[in-house]
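Here the structure comes first, spelled out in structure tokens, and everything after it is commentary.
The values are calculated or read from the model by the stated rules, or taken from the named source; none is laboratory data. Bear in mind that the values here come from a model prediction, so they are computed numbers and not experimental data. Note: ideal-geometry Cβ built from the backbone for every residue, glycine included; neighbour counts use all protein chains shown. Surface areas here come from the heavy atoms of the whole protein model, side chains and all, with no ligands, DNA or RNA. Shrake-Rupley method; radii C 1.70, N 1.55, O 1.52, S 1.80 Å.
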Amino acid sequence: MSEAGCAPEDGARAGAVGVIAIDGPTASGKGTVAERVAAALGWNYLDSGSLYRLAALRTLRSGVDPHDADAVVAVAGSIAPTFSGGRIVLEGEDVSDAIRAEGVGALASQIAVIPALRAALAGLQRAQRRAPGLVADGRDMGTVIFPDADLKVFLTASADSRARRRHKQLIEKGFSATVPDLLRDLRERDARDMRRESAPLRPAEGALVLDSTYLTIDQTVAAVLEAHRRNPGAGARRAGTKPGTTGRA
Ligand code: DC
């Protein structure tokens, strides 16, 4: 069993379909970068964090105690969202904006420590691996969900710059927020995501570590595309091996 409670072979089985795994801490820009890389390649895109946010929204609305792992898995382990045109529909309701609220993100990080919930959501994530390819972002895409990914990227940035970016995004979406509050929250979330026992946030072996603090989105996207161009399909051919290239984890 892997850390998520599912056999890694499940991810390796569909090895013919390429995967670029982009992991990193909250507000590192991985979602935007992953989406743009997917668009540039004409590949599918998976925002795995949205599944944990959906599970959190379901938990919040059901009123169960988020510390009660069995109850959380019972209400949130069998979600069946539909993704269409950039919108996310859960039980007939468009919840794309609702899941972006800070409270939902914080609860997502809290319930993401539950191994049985991670195992329940793993299948949904692996099912997104469809031709011509998949760009997946999250915390454990390269370490657990797609261990044979063609390219693994660990995208990070300083906590200050991430808090400022998150602030800008929230204000643009009409949510109120302050940079100091966001900084405190994201430090707490980083600590929880990195210290949990089940699928902790860390660079996958062989991951290209990119610090985007002083990079624009375009530069970051270009760096990922360049790494993919230099090494297309390497992960599928050498699943489980460590590339050992300079600048990699
Ligand atoms: O990427 P995000 O901020 O939308 O994710 C919200 C939370 O979900 C994050 O703090 C931890 C959890 N998560 C996870 O544990 N594993 C993933 N692959 C993606 C997200």
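Using a 1.4 angstrom probe, figure out how much accessible area the chain has per residue, in square angstrom, rounded to the nearest whole.
Result: 46 Å² per residue.
Only sites in a loop by DSSP and with at most 16 other Cβ atoms within 10 Å count here; which trypsin sites (Lys or Arg not before Pro) in segment 96-165 make the cut?
130
Along Cα→Cβ, 7 Å out, is where each label goes; now give me the distance between the ones at residue 96 and residue 161 in nm to one decimal.
About 2.8 nm separates the two model spin labels.
Provide, for the chain, the number of lysine pairs with alpha carbons under 25 Å apart, each pair being eight or more places apart or on different chains.
Final tally of qualifying lysine pairs is 5.
For residue 44, list long-range residues whose amide hydrogen, built 1.01 Å from N in the peptide plane, is under 5 Å from its own amide hydrogen.
Residues meeting the criterion, in which the H sits 1.01 Å from N, are 133, 134, 135.
Got a sec to turn the phi values of segment 144-154 into Karplus ³J(HN,Hα) couplings, 6.51 cos²θ - 1.76 cosθ + 1.60 with θ = phi - 60°, whole Hz, x for Gly and Pro?
Coupling constants for segment 144-154: 10, 6, 10, x, 9, 3, 4, 9, 10, 10, 10 Hz.
Check which residues have an amide H placed less than 5 Å from residue 211's amide H, if you skip close sequence neighbours.
Amide H neighbours of residue 211: 156.
With both bridge residues required to lie in the chain, what share of the DSSP beta bridges run antiparallel, to the nearest 5%?
So the antiparallel bridges in the chain amount to around 25 percent.
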